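Every number here is computed from the coordinates shown, using simple stated rules; none is lab data. Note that the structure is a prediction, hence the values are computed from the model and not measured. Every residue, glycine as well, gets a Cβ built from its backbone with ideal geometry; the counts of neighbours run over all protein chains shown.
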Amino acid sequence: MTARRRRWLAAGLEVTVPILVLVAWGLWSAGSNNYYYPPLTDILSTFADTWLFERVGSDVVPSLMRMGLGYGIAVLVGIGLGLLLGQSPRARRAAAPIVEFLRAIPPPALLPFAILVIGVDDSMKVFIIAFVCLWPILLNTIDGVTGIDPTLRETTRMYGIEGRERLWRVMLPAASPQIFAGMRTSLSLALILMVISEMVASTNGIGYFVLQSQRTFALPEMWSGILLLGILGYALNGAFVLIERRVLRWHRGAHASALS
Amino acid sequence: MLKVDHLGKTYGEGDTAVEAIGDLEFEVREKEFVCIVGPSGCGKTTLLKCISGLLAPSRGEVRLHDQRIDGPPERMALVFQEYGRSLYPWMSVRQNVAFPLRRKRHAKREAAELVERAVESVDLTGFLERYPWELSGGMQQRVAIARALAYQPEIMLMDEPFASVDAQTRADLEDLILEVRRQYGVTVVFVTHDIDESVYLGDRIVVLTPAPTQVQEMLDVELPDPRDQLETKELPEFTRLRAHVYRSIKRRGQAADREAVSEERPAAVGS
C-alpha cells in the first residue's frame, strides 16, 4: 500500500466512523419511548431549533466570552510570569511551594469562595477559568525557558543580545513549543470550567442551559446542549492545532531534520 | 592584540576541585591565525570560554587591546562546534545573520549589505530565506561563520568548528575559512584536536599539555600562502611540522600517564 493511499484511508476512517456511530445511534434510538434517551432525530431537530441560531446570542456568546476572557488572561499571565520565573532560579524556588499548593486545589472547590467574594456575575466565572488555566501554561513556560539549549544561550550572550530583544526574539520563540503544549491543556480545562461555573451560579450560558433543561425535564434540549459542547470542544481544539502548526512550523521542521 | 596572562581555571572547590587550566600564557598578534591544539580533555573549550568572556577565569586574565575581558566584547565573535544548536531554528538564514547586528546600531541599508556580503562570502546567497534545519551540516556551519563575519569582529574564536562534518566538507570549510579570513582581515583563534588541520590553517600553533593545561610549545608555521589541500600537504615542511606537533602531544601525554601511575591516582581530566 502506498503512503498516499494509506493517508486517504486514514482520512476516510476519520470521516466515516463518526457517521456510522451517528447512524447506529439514530437506528437504535428511532421510535424510542425511553424518556432518558430520546430518538436522535428529536435531539437533532431540537438542536437546530435551539442553537441555529435562537440561543446563540443569549447563551453561546456569553459562554464563549467568559471562556475567551478567562483563557486569555491565563495565557498572558502564565507566559509573562513563566518568562520571569524561568530566568531566575531563586525566584523559581521561592514560588514553587505556592504554585504547587495553588494548582493542587481542585478547581470546583474554589467556586463557593469565588461566589462569596466576587459574586455571581461574569467576573467570578472569568476568575475561575483564568485561575485554573494558568497553571499548565505557567509551568510549561518555565520548563520551556529553563530548557533552552546552553549553546543557544551562549550564542545569545556572545552577540550581546539582551533585554527585550533577548526576551521576545530568543526566550519566547525557544520556549514556544512547551508554551503551546500548556495552552492546549488549558484550552480543554477552560471549557470544563466554563460549564461548571455556569451550572453553579448563572442565568445564562450553555452550562446553565444544560442544567436547566435537565431540571425542567426537557431531555432533548439537555442532549442538544451536551452535543453542542462536544462540537465546540472539537472545533476549538481543531482551530488551536491549525494555529499551532503555523506558528511552530520551524519546530516540526527542525525536529524532523534532527531525527533523519 | 590579545594577551592571555597567567590564566588559570579551577572547577569546583575543596576535595572535588578539578584544575582544568593550570597556567597559560601566550599572545595573539593582529591578523594572525593561531591554532590551539592539544590532547582531548585538555581544557581547550574552557580556554576559549575564558577568552570570550563567557566564563570568568579563576586566576590571571585575558586582555584585548590592553583591556581586561570580563564579558563578551563587542569586537569578538565565537563560532561553536555545535552549529545545529547555535543557530536560531525559528529564524531564516538572513534573520540569523542579521540578528546580532542590532547591537551595532547600523543604518538599515548598511546592515542589509553586511548580511548579504557575509552570506555571499560563504556561498549561500541562494539560501537567504531558508531555515537552518533545511540545510546540511556543512551549510549550517557556513551560516554560523557568515553570522560571525557580518558582526565584523576584530577577532574570531572558533571552537572545533569542523569537528562534526564529513571529511570532504571539512576540507572545503578549511579553505573557505582561509579565504574569508583574507577578505575580512580578521584575527582568528582556532581550537582543534586535529593536528593536520592546525598545521594547514595556522600561522602559528600553540600546543597545550593535558590538564592542568599549560603551553607545551609554540610553533611558527612557515608554509607558503595561499595554502592548497594537495600541494601544501605534500610539502616536506608540512610533514615535518605535523610529525613535530604529534610527537610533542604524544610525549607529554605519556609523561602525564606515567606520573599518574606512579602517584597511584587517576589523572585529572578537565573538560
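Sorted ascending by nearby beta carbons within 10 Å, beginning with the fewest, A:Ile19, A:Ile129, A:Ile196 become A:Ile19, A:Ile196, A:Ile129.
For the pair the stretch A:8-67 and the stretch B:202-239, the centres of their Cα atoms are 78 angstrom apart. Near B:Val188, the amide H atoms lying under 5 Å from its own belong to B:Glu32, B:Phe33, B:Val34, B:Met156; only residues 5 or more places off or on other chains count, and H is placed 1.01 Å from N. Evaluated at q = 0.11, 0.17, 0.18 Å⁻¹, a Debye calculation over the C-alpha positions of the stretch B:82-152 (equal weights, vacuum) places log10 I(q)/I(0) at -0.21, -0.50, -0.57. In terms of other Cβ atoms within 10 Å, B:His193, A:His255 run from fewest to most in the order A:His255, B:His193.
Taken along the Cα-to-beta-carbon direction at a fixed 7 Å, the label points for A:Glu54 and B:Glu237 span 9.7 nm.
For chain A, the Kirkwood hydrodynamic radius comes to 21.4 Å, computed from all pairs of different C-alpha atoms. Taking a ≥ b ≥ c as the square roots of the eigenvalues of the Cα gyration tensor, the stretch A:1-126 is classed as oblate, since a/c reaches at least 1.5 and a/b does not exceed b/c. In loop segments of the stretch B:85-145 as defined by DSSP, the trypsin sites (Lys or Arg not before Pro) with at most 10 further C-beta atoms inside 10 Å of their C-beta are B:Arg105.
Free of any chymotrypsin sites (Phe, Trp or Tyr not before Pro) that DSSP assigns to a loop and that have at most 10 other C-beta atoms within 10 Å, the longest stretch within chain A is A:54-216. FRET efficiency for the A:Val15 to A:Tyr35 pair, using the beta carbon distance and R₀ = 45 Å, is estimated at 0.85. Under the simplified labelling scheme, the A:Ser88-B:Gln152 pair shows an inter-label distance of 3.7 nm, with each label point 7 Å from Cα along Cα→Cβ.
Counting other Cβ atoms within 10 Å as a rough exposure proxy, the listed residues A:Ile161, A:Ile79 run A:Ile161, A:Ile79 from fewest neighbours to most.
The magnitude of the dipole of chain B, with charges of +1 and -1 set on the Cβ of Lys/Arg and Asp/Glu and taken from the Cα centre, is near 760 debye. For the stretch B:200-234, the list of GluC sites (Glu not before Pro) that fall in a loop by DSSP and count at most 14 other C-beta atoms within 10 angstrom reads B:Glu222. Of the residues A:Tyr159, B:Leu54, A:Trp25, the one whose Cα sits farthest towards the positive end of the charge dipole of the protein assembly as shown is A:Trp25 (charges of +1 on Lys and Arg Cβ, -1 on Asp and Glu Cβ, taken about the Cα centre). So for the pair A:Ala181, A:Leu242, with labels modelled 7 Å out along Cα→Cβ, what separation do we get in nm? Taking the simple label geometry, A:Ala181 and A:Leu242 are separated by 2.5 nm. For the stretch A:37-259, the residue among A:Cys133, A:Leu236, A:Pro97 whose Cα projects farthest onto the positive side of the dipole built from Cβ charges is A:Pro97. Dividing the summed helix terms, -39500 (n - 2.57) for each DSSP H run of n ≥ 4, by the number of residues in chain B produces a 222 nm estimate of -11500 deg cm²/dmol to the nearest 500. Do any GluC sites (Glu not before Pro) in the stretch A:86-162 lie in a DSSP loop with no more than 16 other beta carbon atoms within 10 Å, and if so, which? Counting only loop positions with at most 16 other Cβ atoms within 10 Å, the GluC sites (Glu not before Pro) in the stretch A:86-162 are A:Glu162. With the largest listed first and rounded to whole Å, the semi-axes of the equivalent ellipsoid of chain B from the Cα gyration tensor are 32, 22, 17. Rounded to the nearest whole Hz, the Karplus-based 3J(HN,Hα) values (6.51 cos²θ - 1.76 cosθ + 1.60, θ = phi - 60°) of the stretch B:235-240 follow the sequence 5, x, 4, 4, 4, 4, with x at glycine and proline.
So what's the back-of-envelope 222 nm ellipticity for chain A, counting only DSSP H runs of four-plus at -39500 (n - 2.57) apiece and dividing by all residues, rounded to 500? Provide the component values of the computation, followed by the final result.
On the way: 12 runs with 207 residues, N = 260.
Value at 222 nm, helices only: -27000 deg cm²/dmol.
Here the Karplus relation 6.51 cos²θ - 1.76 cosθ + 1.60, evaluated at θ = phi - 60°, turns the backbone of the stretch A:120-131 into coupling constants of 9, 7, 4, 5, 4, 5, 4, 4, 4, 4, 4, 4 Hz, with x for every Gly and Pro. Among B:Gln140, B:Trp90, B:Leu128, whose Cα lies farthest out toward the positive end of the dipole of the stretch B:82-152, if unit charges sit on the beta carbon of Lys, Arg (+1) and Asp, Glu (-1)? Final value for the positive-end residue is B:Trp90.
State the Kirkwood hydrodynamic radius of the stretch A:119-260 in Å, one decimal place, computed from all pairs of distinct Cα atoms. Intermediate results must be reported in sequence, preceding the final value.
Numbers: mean 1/r = 0.0558 Å⁻¹.
Evaluated over the stretch A:119-260, this radius sits at 17.9 Å.
Computed from point charges on the beta carbon alone (+1 for Lys and Arg, -1 for Asp and Glu), the dipole magnitude for the protein assembly as shown about its Cα centre is near 1180 Debye. Expressed to the nearest 5 percent, the antiparallel share of DSSP beta bridges inside the protein assembly as shown is 50 percent. In straight-distance terms, cross-link reach from B:Lys49 covers every one of the lysines whose alpha-carbon lies under 29 Å from its own, apart from those fewer than eight places away in the same chain; here that gives B:Lys3, B:Lys9, B:Lys31, B:Lys104, B:Lys250.
In the protein assembly as shown, the C-alpha radius of gyration followed by the widest Cα-Cα span (Dmax) gives 32.0, 101 angstrom. Counting only other chain Cβ atoms within 10 Å of each residue's Cβ, the peptide A:158-167 averages 5.
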